[in-house]
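To keep things clear, I will list the structure first and then write my remarks on it.
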Amino acid sequence: LLRNSHLVTDEFGSRGGNHAGIDLAAEEGAEQFADVEIKIIDVENSNSGGHGWTGEFHVGDQRVVVRSLHHQKIIVRPGQVIPVGGVLALCGNTGRSTGPHMHLEFYINGDLVNPRDVLGGRPLFEYIRPGFNKATTMGNQ
């Protein structure tokens, strides 16, 4: 996901149940990497989400869709298949945002799910590429 994500700044379901994802703090311009091979479905620029991308991958017979928002720059384009380790975007502070971070939403077979459930309950830092500061990563709480 990120090489230098330091903490979870907002959880799924916060803001009165309206936050559809999880937010990971990152430095402006930090590279976001693919941890699985992912096919890009769409890229967007909206007032609320800023610059973002949507991609999909499969786990067995389940279709997992990931949406990531608030980027400074989107590197990918629709239809592109990004290999493990490929750069997806540069983290930013676009749209309705209070600081640079990566917002992630997960949908399984069309249903919105808590990102921590998708990650199997393991600490989020286990999914972040080498170079992060483990001591300041909130992980699974």
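Please treat every number below as a calculation from the coordinates, not as lab data. Source: prediction; values computed, not measured. We place every Cβ from the backbone using ideal geometry, glycine too, and count neighbours over all the protein chains shown.
Within the shell defined by Cβ-Cβ distances under 9 Å, the residues around PHE106 carry a net charge of -1, with Lys and Arg each +1 and Asp and Glu each -1.
Amide H to amide H, which residues 5 or more places from GLN80 or on other chains are under 5 Å from it, using H placed in the peptide plane? HN-HN under 5 Å from GLN80: ILE40.
Taken about its Cα centre, region 29-87 carries a charge dipole of about 140 debye when Lys and Arg each add +1 at the Cβ and Asp and Glu each add -1 at the Cβ.
Just to confirm a number: summing +1 for Lys and Arg and -1 for Asp and Glu over residues other than ALA20 whose beta-carbon lies under 12 angstrom from that of ALA20, what do you get? In short, -3. Model label points for SER14 and GLU28, set 7 angstrom from Cα along the Cα-to-Cβ axis, are 2.1 nm apart.
So if R0 is 22 Å, what FRET efficiency would SER97 and ILE41 give, r being the distance between their Cβ atoms, rounded to the nearest 0.05? Intermediate values should be presented prior to the final figure.
Details: r = 22 Å, r/R0 = 1.02.
The computed FRET efficiency comes out at 0.50.
Projected label points at ILE108 and HIS58, each 7 Å from Cα along the beta carbon direction, are separated by 1.7 nanometres.
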